[in-house]
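A short write-up of the structure that comes next.
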Protein chains: 2
Amino acid sequence: MPEIGIGARVRKSPFFDATVEAGATMFTIYNHMYMPISYGDPMREYSALTERVCIWDVAAERQVEIVGPQAAELTQRLSARDLSKCKVGRARYAPMCDHDGHLINDPVILKLAEDRFWLSIADLDILLWAKAVSGEGDYDADVFEPDASPLGIQGPNAEDLVAELLGDWVRDVPFFGHAWAKLDGIPMVVCRSGWSHQGGFELFLTNSDRGTDLWNLVWDAGQKYGIAPGGPHFQERVESDLLSFGADHPLDADPFEVGLGNLVDLDAAHDFIGKAALIAKRDQGQRRARVGLHLDGEPILNVDSPWELNLDGESVGSLRVGVLSPKFERNIGIGFIDIAGVQVGTELVALGPDGPRVATVVPLPFS
Amino acid sequence: MPEIGIGARVRKSPFFDATVEAGATMFTIYNHMYMPISYGDPMREYSALTERVCIWDVAAERQVEIVGPQAAELTQRLSARDLSKCKVGRARYAPMCDHDGHLINDPVILKLAEDRFWLSIADLDILLWAKAVSGEGDYDADVFEPDASPLGIQGPNAEDLVAELLGDWVRDVPFFGHAWAKLDGIPMVVCRSGWSHQGGFELFLTNSDRGTDLWNLVWDAGQKYGIAPGGPHFQERVESDLLSFGADHPLDADPFEVGLGNLVDLDAAHDFIGKAALIAKRDQGQRRARVGLHLDGEPILNVDSPWELNLDGESVGSLRVGVLSPKFERNIGIGFIDIAGVQVGTELVALGPDGPRVATVVPLPFS
């Protein structure tokens, strides 16, 4: 693998120094920030995540804060999901679209107060998007990136570890529930969330000077729980069918196509951006989909670039992601395809660099 | 240096395979695309750039196309520079601001037709910004990312090389002039531009399937000119005082502070985004600036994170970038500081990881 350049243009997470100290060997860049994605042994990280507990620097999952008298109105204008029932202290996974109905992000939206929201975003500058909509629409709301950097604590032991650090009250925090907390004077928002299916919390550090302190407190307390450093785990997220925005689909995909149609409230009263285009798409009928695949052949280590998927010799789309699944003990993958003539059980042909292999369409989530 | 993860989430340039073949050893991610920044020997790349000719994969310098009846009006709304005098076939370096007057990009804007523009952007999702402004303002214009990927040909021999490939007419293309061309059936826009001070062209490939073909044609013809692969060169760009958006300044900087005030047309008739805020800033007077520095002490290899700059023991800002300059045979750097009490010749103290060193303010461009 080539090296990654380190310099002033790309931001460092408050946990960057701690991750280097912990032995991070591979990074990506996400929301203009370095994000560690491996510490050299993916299977060690997998077993820690699925059997014990992991600590992840996911500060690159940046927040867009919207606050002020018209914050709720603006946030709703940006979101294809009806947020009117969301209570303070809870969150919603909510697709966002452009005016053409294309998916531009899939944030978790935390409602911190009636007039204050954090959009916890995937890798696209939703800060600019929200500022443009606010500024051009003259909303009475401030839009900015707050000092808020999630540290992920994921895995079956995550609750015990976070309860030991912060108190047993965290055991009563529901999924997507969140609350302010302090640990040794370090301020944070604690949320039961995270980009895995193994359970756990994200600690949204709100004083970036204390990143190493928070990391070390979690690390030390985590020793007895078998903690290991890691990052959003490629195999686990595919096994768990968590959407990776921008990886699983082309950039002109809509929420129906990627499988988030159930989160789009076309019948709600609010007129969010993209609503008219999505109604037209719904009426036209869906032609493409993100689908699960079983892939024959040798273990798949990585899909560097999408592999063409054929049906009867004709291209129907591409395999976006493929992995050897430890859980299912076979190759699984995610394709994005034209669905005419395709159903569960249809055998496609995936054209990888090492030759063709059979790719059978299977239901999502995988089982 | 740690490795960079390669996967489906980040796009590959049409020249990606060619750059790997040519021995790229280090990449960054820019506009959601891998961009090679070194082939293992920065000084070899420096001498090729300053004495012969370099080939750069700068496809990550993505284009935002704005086309349609109100394209000119929308483009002007986005730009702090008056574009009314720009002719078809020419381009402008034009800062863009948000509603608060903060610099959000410094694109080169190519005017392809009276109703068609390309914004050649630095690393921020201006595509989203422009779409939001267009959609919310109901402009009659299409905004999208075209299939257009610049290949940089930079250095004193660049003109001879490009003339040999495309014809002597390119010698008459003025700075920022551009024209459509074909080479072996490969379509492109040829522009006299590039992110160095060594002269040259950017070939905006408009059929991404032909990336390797174009690279190879340039590469083969370039042999007699001493061509070498490279990327935007850290030392050369600092020596030449080319702004690196997002590296040289914090994200709340305005065009005056970064040194682009002469490109902001506050007296023009058009009401661009940020104009009111910039008028207020002008009237308040400038308090911060991007400044040149001479730094004493051992050769500076890299500034991983900004170094604090002190004056009389008080922090006045930070050193954003520092390099040992081959041209000036000394350490030079770019700081972003509060300018009260600071002038050319003022000695600041830079707090690097290896201890303090004297940083003397010098005029930009360096001499």
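With contributions of -39500 (n - 2.57) from each DSSP H run of at least four residues, the per-residue ellipticity at 222 nm computed over chain A stands at -6000 deg cm²/dmol.
Net length available on complete extension from residue A:284 to residue A:175 is 35.7 nm, with 0.36 nm assigned per residue and the Cα-Cα distance removed.
Scalar couplings 3J(HN,Hα) for the range B:68-73, obtained by applying the Karplus form with A = 6.51, B = -1.76, C = 1.60 to θ = phi - 60°, are x, x, 10, 4, 5, 5 Hz; x denotes Gly and Pro.
Label position 7 Å from Cα toward Cβ: report the copy-to-copy distances for residue B:172 in nm, one decimal, ordered from shortest. Listed shortest first, these distances are 8.2 nm.
Measuring nothing but how far apart in sequence close Cα pairs (under 8 Å, 6+ apart) lie, relative to its length, the range A:287-367 scores a relative contact order of 38 percent.
Here A:73, B:329 are placed in order of increasing Cβ neighbour count within 10 Å, fewest first, which gives B:329, A:73.
Could you work out the per residue convex hull volume over the alpha carbons of the range A:157-220, in cubic angstrom?
Numbers: hull volume 5.4 nm³, N = 64.
Convex hull of Cα atoms, per residue: 85 Å³.
The mean count of C-beta atoms from other chains within 10 Å of the C-beta of residues in A:93-102, rounded to a whole number, is 2.
Counting only Cα atoms, chain B measures 63, 49, 41 Å along its principal axes, largest extent leading. A simple spin-label model places the labels of residue A:44 and residue A:324 1.9 nm from each other, with each point 7 Å out along Cα-to-Cβ. The Kirkwood hydrodynamic radius of the range B:268-328, based on inverse pair distances between different Cα atoms, is 15.0 Å.
Listing A:86, B:191, A:54 from fewest to most neighbouring C-beta atoms within 10 Å gives A:86, B:191, A:54.
If R0 equals 56 Å, the separation of the Cβ atoms of residue B:84 and residue A:358 corresponds to a calculated FRET efficiency of about 0.40.
For the range A:287-367, what does the alpha-carbon gyration tensor say about shape, rounded, prolate or oblate, given a ≥ b ≥ c as the root eigenvalues, a/c under 1.5 as rounded, and a/b over b/c as prolate?
Details: a/c = 1.70, a/b = 1.22, b/c = 1.40.
Because a/c hits 1.5 or more and a/b fails to exceed b/c, the range A:287-367 counts as oblate.
When residue B:276 is represented by a point 7 angstrom out along its Cα-to-C-beta vector, the spacings to that point in the other copies are 2.6 nm, nearest first.
Ascending distances from the residue A:84 label point to its copies in the other chains, with the point 7 Å along the Cα-to-beta-carbon line: 4.6 nm.
Dividing the mean sequence gap of close Cα pairs (under 8 Å, 6+ apart) by how many residues the range A:63-144 holds gives a relative contact order of 39 percent. Tell me the net charge near residue B:289. Cut-off is 10 Å between Cβ atoms, residue B:289 excluded, with +1 for each Lys or Arg and -1 for each Asp or Glu. For residues surrounding residue B:289, the net value is +1.
Can you divide the C-alpha Rg of the range B:63-144 by 2.2 N^0.38 Å and report the result to two decimal places?
For the range B:63-144, the normalised Cα radius of gyration comes out at 0.96.
The alpha carbon gyration tensor of the protein assembly as shown gives principal lengths a ≥ b ≥ c with a/c below 1.5, which makes the shape rounded. Listed by chain and number, the lysines whose C-alpha is less than 18 Å from the C-alpha of residue B:85, apart from same-chain residues fewer than 8 away, are B:111. Cross-link partners for residue B:327 among the lysines, with Cα-Cα distance under 22 Å and sequence neighbours closer than 8 places in the same chain left out, do not exist in this structure. Each part gets one Cα centre, and for the range B:160-235 versus the range A:14-73 those centres are 39 Å apart.
When B:57, A:125 are ordered from fewest to most other Cβ atoms inside 10 Å of their Cβ, what list results? Show your work: numbers first, answer last.
On the way: B:57 29, A:125 23.
Taking fewest neighbouring Cβ atoms as first place, the list is A:125, B:57.
Mind giving me the FRET efficiency for residue B:51 and residue A:314? R0 is 60 Å, r the Cβ-Cβ distance, nearest 0.05 is fine. Walk me through the numbers before you get to the answer.
Numbers: r = 52 Å, r/R0 = 0.86.
Plugging the Cβ-Cβ distance into 1/(1 + (r/R0)^6) gives 0.70.
Which of the listed residues, A:124, A:91, A:144, is farthest toward the dipole's positive end in the range A:7-156, when Lys, Arg count +1 and Asp, Glu count -1 at the beta-carbon? Value: A:91. Site pair residue A:302 and residue A:224 shows an inter-label distance of 3.9 nm when each label is modelled 7 Å from Cα along Cα→Cβ.
No lab work stands behind these numbers, since they all come straight from the coordinates. None of these values were measured; they are calculated from a predicted model. Glycine gets a Cβ as well: all are built from the backbone with ideal geometry, and neighbour counts include every protein chain shown.
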